[in-house]
Every structure is written in C-alpha cells, then in structure tokens.
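What follows is one structure encoded as structure tokens, with my remarks underneath.
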Amino acid sequence: MSVCLFTVRNNSGAKVSGAVDAINEESAAQQLLSGGIYPTSIHRKKQESDEEGISFSLTRKKVTPEDLIILTRQLYSLTKAGVPLNKAIHGLTVTLRNRTLVEALVDVERNLNSGVTLSAAMSRHVEVFPRIYVSMLHVGENTGQLDQSLKHLIEHLELEKDTQRRIAAAFRYPMFVAIALIIAMVVLNLFVIPVFADLFEQFDSDLPVLTQVLIGTSSFFQHYWLLLLITAIVSGITFKYWINREIGRLQWDTLKLRVPLVGSIMLRAVLARFCRTFAMMLSAGVPLIQAVELSAGALGNAAIGERVRGMRRGIERGESLLQSIGGSSLFKPLVLQMIAVGEQTGQVDDMLNEVADYYNMEVDYDIRNLSSNIEPILIVVMAAMVGVLALGIFLPMWEMFGVVQN
C-alpha cells in the first residue's frame, strides 16, 4: 500500500490537494470516483523506501500454476458454501503466502467493494490472472454459475500441471547426462589434458594428429576461458531478448517442434492443451470465435497459436469449425472424423475432450519410450568422447614406450 496525491477543483475553480491510500494511481482514481470526487491529476507520493520496494518487486516470487490452483480451489469451496465474494477474497489474502498474488487480491477485494465484478477486477492484473482464467469467470458471472466455472478451471489447471510435470520428468535424465558431459569436457580440457601435454612436451617427439587437436583445444580453453564465459553470458542475454520478441518467439517455437524425438511430443502436448481448453470454453458458453482466440493465447507455443488464429479467420469467413480445423493441417484424419461426429451430434465439446485424451495417451506413450530412444544416442556420444580421449592420450604414450624399449 502506498500514498497517492491527487488534485481536484472546488466549486470556485481553485485547486485543492489531498491524499489517499491505494496500491496504484488507477486504484486511487477508482476510490475517488466512487466517492463522487473527480480528480484532475493523481500521482504516487515518493517515499524513502521506494528504492527498496522496487528492488524487492524485481526479485519477488512470480505466481505459479500451483498458486493459481490453490487460489481457485479455495475460492470454489468458499463460493460453493455461499460466502460473499468480497469476504472470500479477503480471507484468501490472509491464508495465501505468495506476495504478488496477495497484492493483486487486495486490489481485487477493493474493486469488489466498489461494485466491480470479479472478472473485471482480475482483468486489471494480467500478469497474475491469464486471459482464459478471467474469461471463464466472466462467463460464470453472466450465467449465474460461477462455482461451475471455478470447478472447470480447477480441472483445467490440474491437467495442465500434470502434463507439464510428466514432460519435465521425461527430459530430466537426458538433461542430466548432457550437463554431466559438458562438465566433464570442461574439467578434462582445463585440468587433465594439460598434465599430459606437459609430459609429452618433455619427450620432444612428433605427436599424432588426434593428440595435437586435443592439446590445441585444451590450450584454447586455458587461455580464452574468460572470453568463452563472456560469450556464453552475452549469448544467453541475446537469446532471452530474441525470444521475448514476437518474431523471435515464433521462430524459436517453430524450431522446437522440429527437434528429433522430442518435437513430436511437444506438438501432441500442445494439441491436447488446445482441445482441452477449447472444449472448456465451448462448454462454458463462450462464443466460438472468442473461444478460438482465447485458446490460441493459452497454448504456450506461438507457432501453433498462429495457426489456431488462422482457424479463427476461417470461421470469420463463414467456414465451419471442421473446415477451419482441417485447413490448419494440425490434426490427423482420425481426429477430424471425431470432430465431424461432434458437429453432427451437437457435442463438439465432449468430442474435443475425447481428442485431448487421445493426444494425452500418445504423449504418455512417447514419454515412456523417450528414454529408451535417447539412451543409444547418449551411449554413442559418450563412447565417442571416451574413445577420442583414450586414443589422443595413449597413442603417444605407446609410441614413447616403444622408443624407450628400443
């Protein structure tokens, strides 16, 4: 909470200043307007602790999917029990531990007390509450079934969390091996190979080409390790900047889908997320075009999201849902047949859930086989590294032993 200074004009036209406690200028304006006060200017009062607050805000914890699940589950229980929304939100500000989420809920509670709806209050905190989350609450408010919308959100968030957990678990072993290989290469080049290089230099003999390559690589690491470190840091920052741009994110997400072995798993997981999200929006009564747009923004992959937005443009041209989905070239003929049946029977949302289950089963199968598919590649890479290192070190040693014996 901070102090916001405001200026108004009295009946005679003179400027009058005042102060109000609020989270930000927008919240202060809402408080004043609700009290019949129409400010001409509002700005936050600077305090000695501002720099400290800014430093803290840069490092404070983000709102995670787990935080949203806990919030939604507790809010569902409270609304189901008939607790008024403003009191329910106030209780959550006491029980929740994520500072960012609590600050957002404090502002939501203040807006609720001013007569603003829950979805409108949450829409002012896009960094905390995703658009799809707010849209589901908006539909629940309009249909008088807010508790059902919260229940759908709980199921959706938990399924998303479970899918992400399984995919992360599948990549944990390959990532561990890759990191171990990188560490081993650094240790060998900085500490092991230089010892043998000094030994070989004492004999002053011609070394095999492979040994010369190893020694040259090690020497480069020793003399330019700081340059390599700076290059890695700059590359990381540049990459982060690139993927934060719209074109960079689109190119990176497209590239990820083309990675052998794992690209197909990512694609199926994204398609399952789309079907599940789209079905949830349709079952809640969200208009078709809006449901497609919201689903596109919730996929976590800009490349697939752009093709889903192409489906929206097809629907706006008058195409059926089946035609627009088929035109995206994302789905198999089997899936298109299932959606066609859903359109004919008027149960598109149920059929989309079936499609999501189908893709989830394929993802589970691919994840179970991922380790067995990657292990041979890792074994070959490790064997090649060990072989090159062994030959590079032991070949000159064998030659030296031969010279000594002769």
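Here is how the numbers come out for the structure above:
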item: Qualifying positions in the range 204-215 - assigned to a helix (DSSP H, G or I) and either on the phi > 0 side of the Ramachandran plot or exposed (fewer than 14 other Cβ atoms within 10 Å of the Cβ) (or both); result: VAL209, VAL213
item: Filtered residues of the range 378-399 (kept if β-branched (Val, Ile, Thr) and surrounded by fewer than 13 Cβ atoms within 10 Å (Cβ to Cβ)); result: ILE379, VAL380, VAL386
item: Residue in the range 355-376 that is surrounded by 13 or more Cβ atoms within 10 Å (Cβ to Cβ), at pLDDT below 90 and closer than 29 Å to VAL126 by Cα present; result: yes
item: Residue within the range 193-201 that is touching a Leu at 6+ places or on another chain (Cβ under 7 Å), modelled with pLDDT of 85 or more and in the same structural domain as GLY300 (by TED's automatic domain parsing) present; result: yes
item: Residue count, the range 52-71 (criterion: touching a strand residue (DSSP E or B) at 6+ places or on another chain (Cβ under 9 Å) and at pLDDT 50 or above); result: 0
item: Breaking point among (1) farther than 30 Å from ALA272 by Cβ; (2) surrounded by 14 or more Cβ atoms within 10 Å (Cβ to Cβ), for ILE233; result: (2)
item: Selected residue (criterion: nearest to LEU71 (Cα to Cα)) from residues of the range 92-112 that are more than 24 Å from the chain's Cα centre (by Cα) and loosely packed, with under 15 Cβ neighbours inside 10 Å; result: THR95
item: Pairs, first without any contact (Cβ under 8 Å) to a residue 12 or more places away in the chain in the range 100-129, second assigned to a loop (DSSP other than H, G, I, E, B), C-beta under 6 Å, six or more apart; result: VAL102/LEU96
item: Cβ pairs under 7 Å, 6+ apart, first in the range 164-181 and over 16 Å from VAL363 (Cβ atoms), second surrounded by 14 or more Cβ atoms within 10 Å (Cβ to Cβ) and β-branched (Val, Ile, Thr); result: PRO174/ILE374
item: Residue in the range 341-352 that is under 25 Å from PRO174 (Cα atoms), surrounded by 13 or more Cβ atoms within 10 Å (Cβ to Cβ), assigned by TED's automatic domain parsing to the domain that holds ASN244 and out of contact with any strand residue (DSSP E or B) (no Cβ under 8 Å at 6 or more places or on another chain) present; result: no
item: Of all residues making up the range 74-91, the number that are under 20 Å from HIS156 (Cβ atoms) and surrounded by fewer than 16 Cβ atoms within 10 Å (Cβ to Cβ); result: 2
item: Yes/no for GLU362 being over 25 Å from the mean Cα position of the chain (by Cα) and among the acidic types (Asp, Glu); result: no
item: When residues of the range 130-157 are limited to those that are outside any helix (DSSP H, G or I) and free of Cβ contacts under 8 Å to residues at least 24 places away in the same chain, the one surrounded by the fewest Cβ atoms within 10 Å (Cβ to Cβ); result: GLY144
item: Residue ranges of helices (runs of 4 or more DSSP H) in the range 254-356 with at least 3 members more than 30 Å from GLU141 (Cβ to Cβ); result: 263-283, 302-316, 321-327, 333-345
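The values are calculated or read from the model by the stated rules, or taken from the named source; none is laboratory data. These numbers come from a predicted model, not from an experiment. Cβ coordinates were reconstructed from backbone atoms using ideal geometry, including for glycine residues, and neighbour counts include every protein chain displayed.
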